[in-house]
1. If only one of Arg55, Arg70 is of a type outside the set (A, V, I, L, M) and either at pLDDT 95 or above or part of a loop (DSSP other than H, G, I, E, B) (or both), which one is it?
2. Show the residue pairs that are 6+ apart or on different chains and have beta-carbon atoms under 8 Å apart, the first residue being within the range 67-88 and surrounded by 10 or more Cβ atoms within 10 Å (Cβ to Cβ), the second being acidic (Asp, Glu).
3. If Ala104 satisfies every condition in (1) in contact with a Leu (Cβ under 7 Å, 6 or more places away or on another chain); (2) open to solvent by less than 40 Å² (accessible area, probe 1.4 Å); (3) not aromatic (Phe, Trp, Tyr) but one, which is the exception?
4. I need every pair where a residue in the range 40-60 that is among the polar types (S, T, N, Q) has its Cβ under 7 Å from the Cβ of a residue that is in a loop (DSSP other than H, G, I, E, B), sequence separation at least 6 or different chains.
5. Is it true that Leu39 is modelled with pLDDT under 80 and farther than 26 Å from Leu110 by Cα?
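The values are calculated or read from the model by the stated rules, or taken from the named source; none is laboratory data. These figures come from a predicted structure and were not determined experimentally. A quick note on method: Cβ atoms are made from the backbone with ideal geometry, for glycine too, and the neighbour counts reach across all protein chains shown. Heads up: the accessible areas ignore ligands, DNA and RNA and are worked out on the full protein's heavy atoms, side chains in. Shrake-Rupley method; radii C 1.70, N 1.55, O 1.52, S 1.80 Å.
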Amino acid sequence: MTGSAGAQPRPFPAPLALISHRLDELERRHDDTPPRGVLRTALLDGTDRHATLARAAMLRLHDRLAAEARQGAAQRRRTLPADRTAGDAWLSRLAAALAYHRNAASILFLAEA
C-alpha cells in the first residue's frame, strides 16, 4: 500500500481568518468549551476534510502495521526450521495480523476511489 500512485493531493488549509470566524461562531453557540469533534471539524475546514484526513491516517496506520507484521513473519520464518513453520502459533498470528491489516487498508483505499 505504500507509495500508491492514486494518492490524492493534500487539500489546502482554510485561511486563518475563516478558521477564526468558525471558532468565534462555536464559542457563541456553546456555553462551555465546544465538543471535541465539533472543534476538530471547525479547525480542519469542515467535515469533508476531517473525514479525508481521518481516512488517510487510518490508511497509514494499517500500512505501517501490515509492514511490521510482514517483517515479523519474515524474521520468524528465518529462525524456524522448515518442518516447524506450519504448526508455529506465533507465525500464524503474524500471518493473520498481516492479512487483517492488508484487507483493512485495501478497503480504505478502495473507498477513496
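1. On the way: Arg55 fails: either at pLDDT 95 or above or part of a loop (DSSP other than H, G, I, E, B) (or both).
Result of the check over Arg55, Arg70: Arg70.
2. Every condition considered, the pairs that remain are Arg76/Asp88; Leu80/Asp88.
3. (1)
4. Every condition considered, the pairs that remain are Thr52/Pro11.
5. Values: modelled with pLDDT under 80: yes; farther than 26 Å from Leu110 by Cα: yes.
Judged against the criteria, Leu39 is a match.
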